[in-house]
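Accompanying notes for the structure given below.
Bear in mind that the values in this text are calculations on the coordinates, not laboratory data. For clarity, every value in this text was computed on a predicted model and none was experimentally measured. Cβ coordinates were reconstructed from backbone atoms using ideal geometry, including for glycine residues, and neighbour counts include every protein chain displayed.
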Amino acid sequence: MWKDFFFQLLTKHRTLVLAGIGLPVGTVFDAVLRLRNLYYEKFASAPEEHAQRVASVQSQVQRWASVPPNERKPMCTDRKTWMNLSTRFAPKHTWHRIKMSGLRDVLSLDEDSQVVHVEPFVTVGQITRYLLPRGYMLAVTLEIEEATVGGLAMAVGMTTHSHKVGLFQENVKAYEVVLADGTLVRATAESHPDLFYALPWSHGTLGMLVGLSLRVIPVKPYVHMKYTPTYSQAEYCERIRELSCAADAPDFVEATVYQKDRAVIMCGRFAEVTEDAQRRKINKIGLPHKPWFYKHVEQFLDHEGEEYIPLPHYLMRHNRSIFWVVADMIPQGNHPLFRALLGWMMPPKIAFLKFSTTPMVRKMTFTLQVFQDIVLPMSAMSRAVDKVDELFQMYPLLIYPSRVYDHRAEGLAGGGQLPPPRPQDRIPNTNYGMYFDLGVYGVPGPIKKGKPFRTVHAMREMESFTQQVGGFPFLYADTFMTREEFEQMFDLSLYRAVRRKYHAEGAFPDLYDKIKPEVDVFAVLEEEKSFPVN
Ligand SMILES: Cc1cc2nc3c(=O)[nH]c(=O)nc-3n(C[C@H](O)[C@H](O)[C@H](O)COP(=O)(O)OP(=O)(O)OC[C@H]3O[C@@H](n4cnc5c(N)ncnc54)[C@H](O)[C@@H]3O)c2cc1C
């Protein structure tokens, strides 16, 4: 009874709980984690023990393999489910957890080949702190410090540099994987093309990842940002396409859409700051008292602007407001007084948010809110914005352009889980199409107005649209597809062959079972049928 009362309190007063308890507790929680990580990075890091840590994973997997088949449960990593960035709570307690979260060292940097060798639980914050002083960054990174390189490699990663280099997977040179029988394999495009191309988007269902070789790019200390307002949908769609495909494309391209016909396009180029006129334009956007980045950008809706952003501030620009997700949790969070007094505690830690999620709050994450990153071909940009407008009536929307490569020409093994770009979406004389990530985060307009809303119905319609135009959603977010629909959206032919060949069937969960929400979204679909049609 006390438990129910406590859960109800936590659900009803979540904003108060977040600002009053979540922020301070989350800050202490974060401070402890940071201190622990700092201590680990400075004093306890032991790259020379990598081989021992891998051997420990191998022996645990071998022990698992020696158990009679009917007594084995599928394997997964021991990363706590509340630590990851997915909206799901994977039912890890029903699987066999392999102890491997100690694999979190940066192992080496080869500056000649511009490749960094890392363990999978290295976080984006950690690798950025390691690489920037050495003059590099990951070719594809993420704006959220807590994401791990292993998570980005086994799922997906995309950033504002992806229009030049593609998704995270295009920048992996080698995966070191412990297979279902305990064998260690170093998979490259040449040595094991089938495994190499099936591992991204596999969510750890082909093997345990114990090491990665990743491409890095040289950097400069600042990003020169230009903000350009646009006042028609045709204008911003065309401008983003031109910028992303140009031979001299900017290093970073991004757009925030504030209304169907109003967007700010951001172009960033690596820069040195050497002159006083440039120094006067430096903006340390990541300081706690500064406005949230998307609010800062909104100011440029009625005039052009430019500034120099220190690179670490640029790379974490969406961190304090988790894009605009925090705005619905702590509506006062961007008030100057709040920023001045409590800004240093932001954002509420995702791990804390997940840790304090009750079953009711979990249901609210997909019935009252939308968290989706959807990859769509550029040719569908205006239709996609129209669709979101029609279905959810919510803004802002995030747009990151990205190449999506097709390696099928290199042989059958080159076909991964992603549907290949359609002929009309390919860039002539290349093996890629130009796509974009449409980030839809927040509370749908009708819900904000207090109206009943069929969220799951709307999400399923969005998924159906995505499939019609040849797109696909990131799988960290909740999916509302049935198994059959999922198998129509993604191409699982290579994945299935690799599961058989490397004995992953039964050893690791099946992909759909791993990524489907742990709650019954189809029961909610039924419930929603009693609501008025949206
Ligand atoms: C609001 C929001 C916005 C986002 N926007 C973006 C964006 O713009 N661009 C972008 O790229 N991403 C974005 N993401 C999502 C993020 O990229 C993913 O969640 C990503 O998977 C990294 O998170 P993680 O490290 O917590 O991965 P996890 O969830 O821990 O891992 C991902 C999958 O890989 C498996 N896995 C992880 N490590 C291993 C291993 N060592 N061996 C075997 N399997 C393993 C896990 O079991 C899991 O299935 C966003 C997330 C949020 C919440």
request  = Using per-residue counts of other Cβ atoms within 10 Å, averaged over each peptide, order 143-155, 96-108 from highest down.
outcome  = 143-155, 96-108
remark   = Note on region 222-319: contact order normalised by length, alpha-carbon pairs under 8 Å, 6 or more apart, percent, works out to 40
ask   = To the nearest 0.05, how large is the calculated FRET efficiency for Lys99 and Arg483 if R₀ is 35 Å and r is the Cβ-Cβ distance?
value = 0.70
note = Exposure-ranked with fewest Cβ neighbours within 10 Å first, Met459, Met434, Met360 stand as Met360, Met434, Met459
note = Interchain or sequence-distant (5+) residues whose placed amide H lies within less than 5 Å of the amide H of Phe436 are Leu376, Met378, Ser402
request  = Compare the peptides 500-507, 54-61 by average per-residue count of other Cβ atoms within 10 angstrom and give them in order, highest first.
outcome  = 54-61, 500-507
query = How high is the relative contact order of region 75-121, given as a whole-number percent (alpha carbon pairs under 8 Å, six or more residues apart)?
reply = 33
task = Residues in region 204-234, backbone N under 19 Å from the label point at Ala46 (7 Å along the Cα-to-beta-carbon vector): list them, ranges by number please.
result = 210-211
ask   = Can you give the translational diffusion coefficient of the chain in µm²/s, computed by Stokes-Einstein from the Kirkwood radius over Cα pairs at 25 °C and 0.890 mPa s?
value = 102
Region 145-217, relative contact order [Cα under 8 Å, separation at least 6], % = 37
At R0 = 60 Å, FRET efficiency that the Cβ-Cβ distance of His303 and Tyr39 yields, to 0.05 = 0.80
ask   = Rounded to a whole number of µm²/s, how large is the Stokes-Einstein D of region 51-218 at 37 °C and 0.692 mPa s, given Rh as the Kirkwood radius over C-alpha pairs?
value = 200
request  = Normalise the Cα radius of gyration of region 254-408 by 2.2 N^0.38 Å (N = residues in it) and let me know the number.
outcome  = 1.19
inquiry  = Suppose each label sits 7 Å from its Cα in the direction of the beta carbon; what would the Ala189-Leu525 distance come out to in nanometres?
reply    = 3.8
request  = Return the calculated 222 nm mean residue ellipticity for the chain, to the nearest 500 deg cm²/dmol, obtained by summing -39500 (n - 2.57) across DSSP H runs with n ≥ 4 and dividing by the residue count.
outcome  = -9500 deg cm²/dmol
message = Test of understanding: what is the full-extension gain from His335 to Lys363, defined as 0.36 nm times their sequence separation minus their Cα-Cα distance?
response = 7.2 nm
